[in-house]
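The following block contains the structure, expressed as C-alpha cells.
The values are calculated or read from the model by the stated rules, or taken from the named source; none is laboratory data. Computed from a prediction, not measured in an experiment: that's the story for all the values here. Glycine gets a Cβ as well: all are built from the backbone with ideal geometry, and neighbour counts include every protein chain shown.
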Amino acid sequence: MTGTPAEYAREYAELGRLIEHVATTSYAAASLAPSDPRHHLHAQALVAALEQAETGAGEDAAAAALADILVSRCPRHPVTLEQTRVKLAWICRELDTFTTSALAPRPA
C-alpha cells in the first residue's frame, strides 16, 4: 500500500468489493448483495488490522483479520495463513491501483 491504512477509509466500498471478489472466486462463498452492510464491516475490520500492522503489531494481524472474514463467509472451506497473505497482498495492490487511478487529480 502506498498510503497509510487510515487514508483508505474512504475507499471502504472498493475494499469491500475486493474482499467479496476473493471470497467468491477463491473460496466459493455465496455472493452478498452490494447493499449488504457486511461489506462495510469487513472493510472496516481489515483497515483496523492494517493500521495495527503499520504500528508494528505485524502483518500477521492483517492476514488473520482477512482469514477471519473469509472463514465467516465460507466456514467449511479451509483457509490457511499463507494463502491469506497472498490474497491480502493482491487486495493491497488492487486497492493501490484503484486509489491511484480513481482518486488522482484529473488533468485540466
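Of all the residues that make up the range 67-91, how many are in a helix (DSSP H, G or I) and within 15 Å of ALA23 (Cα to Cα)?
Qualifying residue count, the range 67-91: 17.
Can you run down the residue pairs with Cβ atoms below 9 Å, 6 or more apart or on separate chains, where the first is in the range 62-90 and aromatic (Phe, Trp, Tyr) and the partner is surrounded by 14 or more Cβ atoms within 10 Å (Cβ to Cβ)?
So the pair list comes out as TRP90/LEU18; TRP90/VAL22.
Identify the residue in the range 7-54 that is among the aromatic types (Phe, Trp, Tyr) and in a helix (DSSP H, G or I) and, among all such residues, is modelled with the highest pLDDT.
Per the stated criteria, the residue is TYR12.
Spot the failing condition for ALA57; the list is (1) within 20 Å of TYR12 (Cα to Cα); (2) modelled with pLDDT under 90, and only one is missed.
Here ALA57 clears every test but (1).
Using beta carbons and a limit of 6 Å, which pairs, at least six apart or on different chains, have the first residue in the range 29-43 and touching a residue at least 12 places away in the same chain (Cβ under 8 Å) and within 14 Å of LEU15 (Cβ to Cβ) and the second one among the aromatic types (Phe, Trp, Tyr) and surrounded by 10 or more Cβ atoms within 10 Å (Cβ to Cβ)?
Listed by first residue and then by second, the contacts come to HIS40/TYR12; ALA43/TYR12.
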